[in-house]
Structures are given as C-alpha cells and as structure tokens.
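Everything on this sheet refers to the single structure shown next.
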Amino acid sequence: MVKQGVVPEDLNRPFFEAANEGRLVIQNCSACDRLHFPPRAACDRCGSGDNMEWKQMSGRGKIYNYGVVYDCPVASLKEDLPFNLAAIMLDEDPGILMYSHLPGVPADEVPVGGAVQVIFEATANGQKVPEWQVVT
Amino acid sequence: MAILISFDIDGTLEVGDPPGPLTMEMVRIVQDKGFLIGSCSDRPPSSQRSLWEEHQINVDFAVAKHLLAGVKSDFNADAYYHIGDREDLDRQNALRSGFEFLWPDEAAAQPWFLPEK
Amino acid sequence: MTTQMAPESMYRSTEGLGVWEHRGKVASVGIGHSPTARRWDGRAETSVGALSIQALRTAIADAGVSPDQVDGLVLVPVTTTGAHWPEDQPVPMDVVNAFNPTDDPLDGVGQLSAEWIIKNMPELTNVKFTMYAPGCMSAAIVVAAQAVGDGLASNCLVLKGWHNLEGRYNHGGISASDEVPGSFAISPGRTLWGAPGCFGTALQFAQYCTKYGKNHDMMAPFMQNSRRNGLLFPEGYWAQHRPEQLTPEDYLSSRWIAKPANLFDNDIPIMVAAAYLFTTADRAQDMAQKPVYILNHASSRGVARSITPTLEEVEAETAATGRKIYEGAGITADDLSFENMYDGFAQFHQFHIEGLRYRGMQPGDALDFYQTDISIEGPNPILSSGGNIGSGRSRFWMHTDCMQQIQGRAGARSLTGVKPEIAVSGGPMPMGGNFTVWSATPD
C-alpha cells in the first residue's frame, strides 16, 4: 500500500525527520512528563508551551483494536481495499495511539492485544512514516 | 447467447433517487428477449424486491452491492453486465466481480433496449 | 445587526454547576419542519434557504404567535451534510436572485446567515437578538434556551437547515491529492491511513465488543426499531420517500464500510430544515400548543488524549454528561420516561444511553437491552424518534420527538408503554455534544 506523500510542517517536522532516520519520536512536555501525539503547541495537562521536546520511543506497542476498511475516501488506497486499520498503543504510554495498516496481516485476522514493532515505510513522495508489524 | 444484466437503482433506473435514464419499460424489453435481469444496489434486498414487485417485474436476483460476484457464480450466462452510476461502487466493483460495466447513458444506447420489431 | 457565535459561557459544560438557574422557566411551543429530499435539485424553492423559511414560518404558526412577536433567532450557519459548494463551480445566480441576497452568494444555498433569514422573512419586524450556534440543532437549542432564560429574547426561533449536494463527500479534495500536509497525515479522523468517517466509532465499537463479549449482530433489533419508529415519523426522509422497513436480514447482509460498521450503521445525508419557537414559561401559557418545559441543558466537551477517542475515554465522558444532565435538571435516571440520544452513527447510541444509566444500564449492558422490548409500546422505549437512522441525517428528529411525545401529538409514534413526562435528547458525539431535558411540567 502506497500512502499519499507527506509534506512536513514546522510543528511536526521533527517527527517526520526522525521517521526518515528510522526513529520514532513523540512530543513530550518536560515540565510535567506527558507524551503528546498528534503534536501540539502546548501541553494539554500543564499548559506549558516552552517545554515541548521530542523523545525517542522504544518502537514497541500493542494493538488496541482494529477495523477493516472496505470503503475508503483516499483515492490512492482504494485498490488495496479491504485493509486493516488498527490503533496501536505505545508501550511507554498506552494512552498514546498511532494508526497502522499492519502490513503482512491478512484483512480481519488481527491479533487484538498482540505485540507490535515499529517499522518505517516510504509514502508516495519518499517521506517515511511509522508503520507497525506484528511481533511473532 | 445468454446475457445477464445487473441494474443499479439510484441514478440508473427511472425509479431511482435520483432518477436515471433507464426506464422500467426498457427492463421489461430485455427480459422479454430472454436476458437474465436483476438489481445490485445499496438499497436493502427486501426493498429492491418490493420495487420490482411494484412494477410487476419478476427479477432473477436482487442483491446488495458487495454480493455482485455471487451473482456471476449463481447464474450461467455468456456475458455479464452491470449498469451503474458510481465509479467505485459500480464500475470498479463490477470489474472486480468479473462483469463488464456500462454507465447508464451508455447502456441506454444499447440495441438490447429497443423493442423487437 | 451583527450576529456572533454563542460564547462558551452560555453552555453548561462542567459538573458541579447545580440546578440550572432557569429550570422550568423556558418552554418550547412551536415546531416547524420542511419537506425532505435526498439531494438538492437546483431549484430556488428547494434550496436550504427556502426550506428554512418554510420551517420557520410553520413553527411560528404552530406556536400561534404573530411574526412581529418574534424577537430572537438562533441558528446554525453551517448547513452542509459534508459536501461543500465546489470552488470551480459558479453559484447559480438565478437561485441567489430568487431571494433577497446578502453579500455572500452562497447564503441560502450552501450556508445560512441571520441576515439572509431576516431579509427574506420581512414579516420578522422585531427581531432584536440573533446568535449563531455551531454544528447542529442540539447546540442551537441550548443557546436559545439560555438566551430566553437570560432575558435576551422572549419569543425566540431556533433553526437548523441542511443542504446535501451531489457526489460522495470526503472523496474529493485532499483525499484525492498526491500529497498531504504533515498535520493532516497524523490528524484525528481522516488521515493518511484512509479512515472513513465512521472509523473512530467503529473502533470504539470493536473495543466495546471485545471488552464486553458482544457482537455486531446484536445491533439488529435496534436498527429495526429505529427504522420502524422513523417510518412513523411523517416529517422524515424514509417515511416521505422510501417507506421501507429495514429487516434484520437487510441490515446484517449489508456491505461493510469499516467493519464492524456497515452501510446502515451510517445515516443517509438529506436536505431538510426544522425550526422551533422557544418562549418563557409564563408566555407559553397563552400560546397554541401545550408548553414543553426545559429543565436543563448540558454540554460535553471531551477531548481525546491521542489520535482517536478510546472506548474508555468515551465511557468516562458519557458518564460525566449523564451526571451533568441530571444535576442541572434536578432529576435522576429514574425520572426519565424515554430517551432520544443521538445515533448518527448507530454504534454510539449505546454509549450515550449507558452514560445516562437509562433504565439502570451500566457500561456493556446496552446491546443485551436491545434484545428486549425497546419498542414505543413497551416500558423501555429506545430512541422513540427513530433518530437519524430512522429518518435521515438531521440531528433534530430526537428533539422534535421529545416535544411531540410530551405534547401528545406524536401520532402513530406515540408512546403507549410509558407516560411521556420527562425526556432527554441531544448529541451529536459521545465526546462532544449538547443535551436538553424536556418536561411536561415546569417543576
């Protein structure tokens, strides 16, 4: 599956630059030690905007749950229908979720709660994004 | 040569919402000519059947959109056509299901729909 | 007159506010609905502006007031069901000029301003208060109720209109582009990963089924009941255009959109408008219809921690919403005769009613409850309006039904298993919405 190309912006550029380097980084408020994803201008807990840093993650997580997409608005993904779309909880903080197509897992054969490991996948314009593979 | 035609309803048949260019009379004409006919729509199968009954047309099948491929396996024909007005839900679905595809206006111009002389 | 968006201070969105200061002092007395259509056919008389005028005039007449007695108007300026007017297509000027236009040609076609309404309803000669509410009727009701209670208006119209254009919404624009901004790629909702609109709810429902051992088939009685109730709602889309029951077989054999959400778990977008007339409890005594008193309004402002709300976040938020609803109304769950919480994805209705603890429900109970008698004839009616599933996407059937049931004019949809005295309606989302408690009496 080739995802649409991604053009990073100031707020999320470190996330995408790290992805190109094969690293998963998540925004963290160093004032109150709280992770944030998607990135935001200020901490949603302490309100601090000056202490948002990027923190490297282990790249390990678990599958929260999933759906199987049969009718997709994104033109470039339609030829791959149906496909899995799972929410991944990071091991460092299960409150942080990331989407995944779970490459290699047949549609609707997703092990809910199963362990996953991050990989990095090139989108249509070469920008890499995190994806997740089931750990067997 | 046996031909099977699957009609989408909305945007395809005159009784659809929005109405399409294919009239119920045209459907009757191809049925009289021996075509296998039915509907494949996002309308519930029970309401598809009611619609046909209302127009006193005895169709061979009435199925949900994603079950078009099953129509091909259930009926023996030399050619399978689906007529519909949506790129993904009709054209791509038809091609994936092994059907040939016609847009409603293209279909309306087919000689099939001309009455026998 | 400049019309502002309602300030956040008009909403009751936190717990601990106590009983609403205007409890029982504001009432709804008039209801007006336009006809429905699947999509706009391009004519002036079927535009969202025309439908809205029709609904407003009907509500005024229904209340038995003269137009010059109306002094307030609260409306939702956004009218789209999801499709916006295409940038490369000119707005049809014959339609625009069939009305008294404002500076924005989309007014009355693809949006609504208070200015447009006033210009095109010259009989409204005394409107002194206008205000916008975001999103849907649920918000407009809250704003209008608060405005009447605060004395900003005495006879206040509340309006929501919807336009629905050709095409499959969300399939064009950024979904069809080769590149997307980084913020879109990792935003909640639609993203690089191709989530359809119902995906977030489908994911919560999947987790609900995992957590409580339920399955999608258990939704079938709810869906059948909703369509049945909708077919008894003469103002609704299905009743007007395609009076067809939805059988369990129809529902369960439908194609998936994002499994476990299928086609019928999504509502059908339509053209329609509705309006209500709110007034003070005192003035309501002299009007044509039995007053339906507002005991409280409450709002939810849940924020997901990450990219999509989890089931656990939803359950916490709906429980808080339930507490706010009861606290401000001075009632308990036992006082509810019936409920009309939102369903415009069918799969979150159970989150709303479990949050309410309706009929003693706890989280995880609703799908079992759906297997019992949930009809309008039974003691535990569920969504007597039929909601969006029963009548199309308007997000206001549930409000109209609460009023009509309490006024005793719900016709064939009338509740017979309970006496309709106190009800709650509202939505849309479990993580964010606005809710109203309606009552046959002011106390």
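I'm checking my understanding of the structure. Among residues of the stretch A:85-110 that are open to solvent by 50 Å² or more (accessible area, probe 1.4 Å) and either over 22 Å from C:V303 (Cα atoms) or part of a strand (DSSP E or B) (or both), which one is farthest from the other protein chains (Cβ to nearest Cβ)? Even if it seems obvious, please write down each step before you answer.
Taking the stretch A:85-110 and keeping what is open to solvent by 50 Å² or more (accessible area, probe 1.4 Å), we get A:91-92, A:94, A:104, A:106, A:108-109.
Keeping just the survivors that are either over 22 Å from C:V303 (Cα atoms) or part of a strand (DSSP E or B) (or both) gives A:94, A:104, A:106, A:108-109.
Numbers: A:P94: 9, A:G104: 16, A:P106: 13, A:D108: 7, A:E109: 12 Å.
Among those residues, the one meeting the criterion is A:G104.
Select from the stretch C:1-50 the residues that are within 17 Å of C:L159 (Cβ to Cβ), in contact with an Asp or Glu (Cβ under 8 Å, 6 or more places away or on another chain) and of a type in the set (G, A, S) and list them in ascending order.
Listed by number, the residues that qualify are C:G30, C:G32, C:G49.
Taking the stretch C:75-94 as the region of interest, how many residues are assigned to a loop (DSSP other than H, G, I, E, B) and open to solvent by 40 Å² or more (accessible area, probe 1.4 Å)? Working first, answer last.
Quick first cut of the stretch C:75-94, residues assigned to a loop (DSSP other than H, G, I, E, B) only: C:76-77, C:79, C:81-92.
If we keep only those that are open to solvent by 40 Å² or more (accessible area, probe 1.4 Å) too, we end up with C:84-90.
Residues meeting the conditions: 7.
Could you check the stretch A:96-136 and list, in sequence order, the residues that are over 18 Å from A:S76 (Cβ atoms), of a type outside the set (A, V, I, L, M) and without any contact (Cβ under 8 Å) to a residue 60 or more places away in the chain?
Within the stretch A:96-136, A:G104, A:P106, A:D108, A:E109, A:P111, A:G113, A:G114, A:Q117, A:Q133, A:T136 qualify.
I'd like to check something: does the stretch C:116-124 contain any residue that is in contact with a Gly (Cβ under 9 Å, 6 or more places away or on another chain) and more than 25 Å from C:P7 (Cα to Cα)? Walk me through it before giving the result.
Initial filter on the stretch C:116-124 (in contact with a Gly (Cβ under 9 Å, 6 or more places away or on another chain)): C:116-117, C:120.
Of the ones still in play, those that are also more than 25 Å from C:P7 (Cα to Cα) are C:120.
Yes: one or more hits.
Let's see how each residue does on (1) over 18 Å from C:I389 (Cα atoms); (2) touching a residue at least 24 places away in the same chain (Cβ under 8 Å):
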residue	(1), (2)
C:G344	no, yes
C:Q347	no, yes
C:H352	no, yes
C:P363	yes, yes
C:F369	yes, no
C:I376	no, yes
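Can you name every residue in the stretch A:24-39 that is part of a loop (DSSP other than H, G, I, E, B), open to solvent by 10 Å² or more (accessible area, probe 1.4 Å) and more than 10 Å from chain C (Cβ to nearest Cβ)? Give the derivation first.
Here is the first cut: in the stretch A:24-39, the ones part of a loop (DSSP other than H, G, I, E, B) are A:24, A:30-33, A:37-39.
Keeping just the survivors that are open to solvent by 10 Å² or more (accessible area, probe 1.4 Å) gives A:30-33, A:38-39.
A:S30, A:A31, A:C32, A:D33, listed by residue number.
Return the only residue of B:R49, B:R43 being assigned to a loop (DSSP other than H, G, I, E, B), within 14 Å of chain C (Cβ to nearest Cβ) and among the charged types (D, E, K, R). Give the steps one after another, and end with the answer.
Details: B:R49 fails: assigned to a loop (DSSP other than H, G, I, E, B).
Exactly one of B:R49, B:R43 is assigned to a loop (DSSP other than H, G, I, E, B), within 14 Å of chain C (Cβ to nearest Cβ) and among the charged types (D, E, K, R), namely B:R43.
Output the residues belonging to the stretch A:124-136 that are more than 7 Å from chain C (Cβ to nearest Cβ), at pLDDT 95 or above and assigned to a loop (DSSP other than H, G, I, E, B).
We begin by selecting, within the stretch A:124-136, every residue more than 7 Å from chain C (Cβ to nearest Cβ); these are A:126-128, A:130-136.
Keeping just the survivors that are at pLDDT 95 or above gives A:126-128, A:130-135.
Those that are more than 7 Å from chain C (Cβ to nearest Cβ), at pLDDT 95 or above and assigned to a loop (DSSP other than H, G, I, E, B): A:G126, A:Q127, A:V135.
Can you go through A:E21, A:E17, A:E79, A:E53 and tell me which one is more than 7 Å from every other protein chain (Cβ to nearest Cβ), open to solvent by 50 Å² or more (accessible area, probe 1.4 Å), within 17 Å of C:S183 (Cα to Cα) and free of Cβ contacts under 8 Å to residues at least 60 places away in the same chain?
Being more than 7 Å from every other protein chain (Cβ to nearest Cβ), open to solvent by 50 Å² or more (accessible area, probe 1.4 Å), within 17 Å of C:S183 (Cα to Cα) and free of Cβ contacts under 8 Å to residues at least 60 places away in the same chain holds for just one of A:E21, A:E17, A:E79, A:E53, which is A:E17.
Any residue that is acidic (D, E), within 14 Å of another protein chain (Cβ to nearest Cβ), over 29 Å from C:R409 (Cβ atoms) and not in a loop (DSSP other than H, G, I, E, B) - is there at least one of those in the stretch C:258-280? Steps first, please.
At the first step, the residues of the stretch C:258-280 found to be acidic (D, E) are C:265, C:267.
Of the ones still in play, those that are also within 14 Å of another protein chain (Cβ to nearest Cβ) are C:265, C:267.
Keeping just the survivors that are over 29 Å from C:R409 (Cβ atoms) gives C:265.
Checking the rest, the ones that are also not in a loop (DSSP other than H, G, I, E, B) come to C:265.
Looking for residues that are acidic (D, E), within 14 Å of another protein chain (Cβ to nearest Cβ), over 29 Å from C:R409 (Cβ atoms) and not in a loop (DSSP other than H, G, I, E, B), one finds at least one in the stretch C:258-280, hence yes.
What number of residues within the stretch A:82-95 are under 10 Å from the mean Cα position of the chain (by Cα) and touching a residue at least 60 places away in the same chain (Cβ under 8 Å)?
1
Could you list, in sequence order, the residues of the stretch C:291-307 that are surrounded by fewer than 21 Cβ atoms within 10 Å (Cβ to Cβ) and within 17 Å of C:A202 (Cα to Cα)?
Within the stretch C:291-307, just C:A304 meets the criteria.
Given (1) outside any helix (DSSP H, G or I); (2) open to solvent by 40 Å² or more (accessible area, probe 1.4 Å); (3) touching a Ser or Thr at 6+ places or on another chain (Cβ under 6 Å), identify the lone condition not met by B:N76.
(3)
What pairs come out if I take residues in the stretch C:60-82 that are in the same structural domain as C:A114 (by TED's automatic domain parsing) and pair them with residues that are among the polar types (S, T, N, Q) and in a helix (DSSP H, G or I) whose C-beta lies under 8 Å away, six or more apart or interchain?
Correct list of pairs: C:L75/C:S52.
The values are calculated or read from the model by the stated rules, or taken from the named source; none is laboratory data. All figures in this text were calculated on a predicted structure; none of them were measured in a lab. All Cβ positions, glycine included, derive from the backbone under ideal geometry; neighbour counts span all protein chains shown. Side chains are part of the model used for accessible areas, which takes the heavy atoms of the whole protein and leaves out ligands, DNA and RNA. Shrake-Rupley method; radii C 1.70, N 1.55, O 1.52, S 1.80 Å.
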